[in-house]
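Since every read-out is calculated from the coordinates, none of them should be taken as a lab result. Because the structure is a prediction, the values reported are computed rather than measured. Please note: Cβ atoms are built from the backbone with ideal geometry, for glycine as well, and neighbour counts cover all protein chains shown.
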Amino acid sequence: MTSIPNEQYSMDIPNERYNYFIFHLPITSTKAGIPMIKLYGHEVSGNSYKARLMLSLLNLEYEWIRVDLMKGEHKSPEYLAKNPFGQVPLLVDGETQLADAQAILVYLARQYGGESWLPTDALPMAQVIRWLSTAAGEVRQGPENARLFYLFGAGTKINIERATQKAEFILTQFDKHLSTRNWLEFDRPTIADVAVYPYIALARDGKIELDTYPHVLRWIERIQQLLGYIPMAGI
Ligand SMILES: N[C@@H](CCC(=O)N[C@@H](CS)C(=O)NCC(=O)O)C(=O)O
């Protein structure tokens, strides 16, 4: 989401789907007293969901720490001491403290996922990272911003025409790319798919219909069939 003042989060979350998830996220996980991974996030945040989804796909236990964006907890001195950007998600793994969904995906993939989710040879790694950039660039400027506009209103100062246009552009690109392949890169899912998936699958929240992108729809279904897949409200 784009950085916006706290008061703009004091909206009505649009429907009960979101309330359901507040109460159905993992609460705590410690194994024999060993400190486990902690994830700071919010249930409406697609970026927090990226990290949750990856943790689940890797079958990792973690403690979910809800940062109440609506109450401005992400701008509290305590939270800013952890992440000066004042954003979720934030991952803590022992001594490691890491903000940014894409960075968290890289960390989890390499720390716990071997070569599968993020290969280390120069070209394959670059091919995956390219989609992480797309997630933080075109996807954020398009479907993510359109969703932010419709969930949080005109106060976000988002140019909705521009966000919609960018969403349609990137969805057209994805649909073309996915017309000849099952996954964004290689013959298996990688963090490229995980990085891009949430805000594409949430596009309808931004009044972007996916029906005209059949290959994207089939890719969404494939992701939802992955072992360890977990949903998010709105998808
Ligand atoms: N580059 C960051 C952006 C994170 C982000 O924008 N998080 C939103 C929630 S989805 C947030 O915390 N917004 C509050 C703010 O920016 O003040 C990432 O990919 O994790």
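What number does the stretch 122-224 give for Rg over Rh if you use C-alpha atoms and the Kirkwood radius?
Numbers: Rg = 13.5 Å, Rh = 13.7 Å.
Rounded to two decimals, Rg over Rh is 0.98.
What's the Cα-based Rg to Rh of the stretch 179-233, Rh via Kirkwood? Could you put the intermediate results ahead of the total?
Values: Rg = 11.2 Å, Rh = 11.8 Å.
Expressed as Rg/Rh, it is 0.94.
Could you line up MET36, MET54, MET232 from fewest to most neighbouring Cβ atoms inside 10 Å? Please list the in-between numbers first.
Working: MET36 16, MET54 26, MET232 21.
Going from least to most buried by this count: MET36, MET232, MET54.
Can you flag which of LYS38/LYS166; LYS71/LYS166; LYS75/LYS166; LYS38/LYS75 are past 25 Å Cα-Cα? Before the final figure, lay out each step's value.
Values: LYS38/LYS166 34 Å; LYS71/LYS166 31 Å; LYS75/LYS166 29 Å; LYS38/LYS75 19 Å.
Those over the limit are LYS38/LYS166; LYS71/LYS166; LYS75/LYS166.
Magnitude of the Cβ-charge dipole of the stretch 109-199, K/R +1 and D/E -1, about the Cα centre, nearest 20 debye?
260
Going toward the positive end of the dipole of the stretch 25-150, with +1 on Lys and Arg Cβ and -1 on Asp and Glu Cβ, which of TYR150, LEU53, GLY86 do you reach last?
Checked the options; the winner is TYR150.
So for the stretch 122-224, taking the charge dipole from beta-carbon charges (+1 Lys/Arg, -1 Asp/Glu), which of ILE160, TYR197, THR180 sits furthest toward the positive end?
Result: ILE160.
Starting from the Cα-Cα distance between GLN225 and PHE186, subtract it from 0.36 nm times their residue separation and give me the gain in nm to one decimal.
Working: separation 39, 0.36 × 39 = 14.04 nm, distance 1.77 nm.
Stretched out fully, the GLN225 to PHE186 stretch lengthens by 12.3 nm.
Could I have the simple spin-label model distance between GLU61 and LEU210, label points 7 Å from Cα toward Cβ, reported in nm to one decimal?
3.2
Going out from 0 in 10 Å bins, what whole percent of all Cα-Cα distances in the stretch 147-206 drops into each bin?
Percent of Cα pairs in each bin: 20, 45, 25, 10, 0.
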